[in-house]
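The structure under discussion appears below in the form of structure tokens.
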């Protein structure tokens, strides 16, 4: 072996020894911390992650249970609400049911007191607009401390105030109700609110001025009038209301005729002034119940409402499924023929707000412009 080759071999060995020693000292040095892996960023809700992250274990979507509060059997609310519940249950992932109630006031109490969004339980309801207004603003006694937290999904159809009696009762005007046996509607109903408001406007106090004061739902009132237990009753409902249709037929079979007491213009104007934009003059045509003549009265656009905290996607779905299946609703109940897109926003811009989920649908279909 040449001396030059020997020098090269020794130099290479020395270099290997030095490098090995350096690597060993770096690995064993207590002053240098071991490197730690960088954490994987977790995106906030709605944020797109900048680096790939493992997908979490899939969880099922939340299921919501919607309860639709309606009204008494024999009234339009009862059938209307049941039909909406059926559409939701059959055509969406929402579990929906409808329940019988005393109507508007009770319905708004249920929305306020029973809705639990965290548990997925949401109450919706039919209501008369002036009752919803009183509850929303805290002007109704049962909502004075806790107003109703509601939002409108759509204006549904007009109610008409009926003051029902028989042609031979001697009752031809509202003032003739003094000294009579009268039902002012079920406790907690919009009918009762309207009846008592009308009676106060003409100076009648039921507890003092009626010979008998009853508080019955429409079916019970119709039966009581048929059986001679009362002389007249109030009812606020869509046209036609089945209980009154049946009453008219029964009376006709006995040689009697149904009579609807007119709401005079002065009283109607006073009532409308108390609820601006919510009440208007209306007429019940003689062909509706077979009365001798048309009857001037008051009309009000019912509203379909829900809790204001209803998730927007739920309110959107409810609105969408109803307006995309109007023929089913129209076939179920005659009064619902007025539930149409062109009427849905009749109360938009008023004191009571529309739900943003419903507004999203109206913007989508062009019923509301941005």
Label point distance in nm, residue 209-residue 265, each placed 7 Å from Cα along Cα→Cβ: 2.2
Per-selection metrics, segment 65-365 (Cα): Rg and Dmax in Å: 18.8, 58
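Please rank 140, 355, 330, fewest neighbouring Cβ atoms within 10 Å first, as an exposure proxy. Walk me through the numbers on the way to the answer.
Numbers: 140 20, 355 26, 330 16.
With the fewest neighbours first, 140, 355, 330 line up as 330, 140, 355.
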Residue 351/residue 145 FRET efficiency (R0 25 Å; Cβ-Cβ; nearest 0.05): 0.80
Spin-label pair residue 246/residue 137, simplified geometry with 7 Å Cα→Cβ offset, distance in nm: 3.8
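Only counting other Cβ atoms within 10 Å, I'd like 141, 130 sorted with the fewest neighbours first. Let's see the in-between values first.
Details: 141 9, 130 24.
Ordered by Cβ neighbours within 10 Å, fewest first: 141, 130.
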Theoretical FRET efficiency, 1/(1+(r/R0)^6), r = Cβ-Cβ of residue 73 and residue 360, R0 35 Å, to 0.05: 0.50
Amide N of segment 277-317 lying under 17 Å from the label point, which is placed 7 angstrom from the Cα of residue 93 along Cα→Cβ: 311-317
Extension gain, residue 281 back to residue 175 (0.36 nm per residue minus Cα-Cα distance, nm): 36.2 nm
Virtual spin-label span in nm between residue 254 and residue 330, 7 Å along Cα→Cβ: 3.7
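Please arrange 180, 63 by how many other C-beta atoms lie within 10 Å of their C-beta, fewest to most. Could you put the intermediate results ahead of the total?
Values: 180 18, 63 9.
So the ranking, lowest neighbour count to highest, is 63, 180.
Every number in this text was worked out from the coordinates using simple rules, so none of it is lab data. None of these values were measured; they are calculated from a predicted model. Note that we place each Cβ from the backbone using ideal geometry, even for glycine, and neighbour counts take in every protein chain shown.
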